[in-house]
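What follows is one structure encoded as structure tokens, with my remarks underneath.
The values are calculated or read from the model by the stated rules, or taken from the named source; none is laboratory data. On a predicted model such as this, the values are computed, not experimentally measured, just so you know. Cβ placement follows ideal geometry from the backbone for every residue including glycine, while neighbour counts extend to all protein chains displayed.
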Amino acid sequence: MFAIGLWCKSKKRIVLARDRMGIKPLYISRQGEDLFFGSELKAIFAHPEIDRHISLAGLDCYLSLNYVPARGRWSTASKNFRRGSGWNGAMEK
């Protein structure tokens, strides 16, 4: 079980991935040119620039289903990766 972020300094690229069993979550948030990620929302919310508003659709899912599906969002500023998925992107900084 894992959620991992790998940075390639020479290419200025980041790879984020989540295990295919989906045990560990992976959340991502983009604020302008900045990228924040973590296996818990509190890791992202630790930064003062992150919007902390709850997504009403995510809250509705949680109250109805007792969980938020992978495509759902807890926060308007974050996205939850589906299990076995990843992201590969270039960072300008």
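Listed by first and then second residue, the pairs linking a residue in region 52-69 that is charged (D, E, K, R) to a residue that is modelled with pLDDT of 85 or more and surrounded by 12 or more Cβ atoms within 10 Å (Cβ to Cβ), with Cβ atoms under 9 Å apart and 6 or more places separating them unless they lie on different chains, are Arg52/Phe45. The residue that is modelled with the highest pLDDT, counting only those in region 52-70 that are assigned to a loop (DSSP other than H, G, I, E, B) and out of contact with any strand residue (DSSP E or B) (no Cβ under 8 Å at 6 or more places or on another chain), is Asn66.
One residue stands out among those in region 10-51 that are surrounded by 13 or more Cβ atoms within 10 Å (Cβ to Cβ), of a type in the set (Val, Ile, Thr) and not in a strand (DSSP E or B): the one that is nearest to the chain's Cα centre (by Cα), which is Ile44. Cβ separations smaller than 9 Å between residues 6+ apart or across chains give the following pairs from region 1-21 residues that are without any contact (Cβ under 8 Å) to a residue 24 or more places away in the chain to residues that are loosely packed, with under 11 Cβ neighbours inside 10 Å: Met1/Met21.
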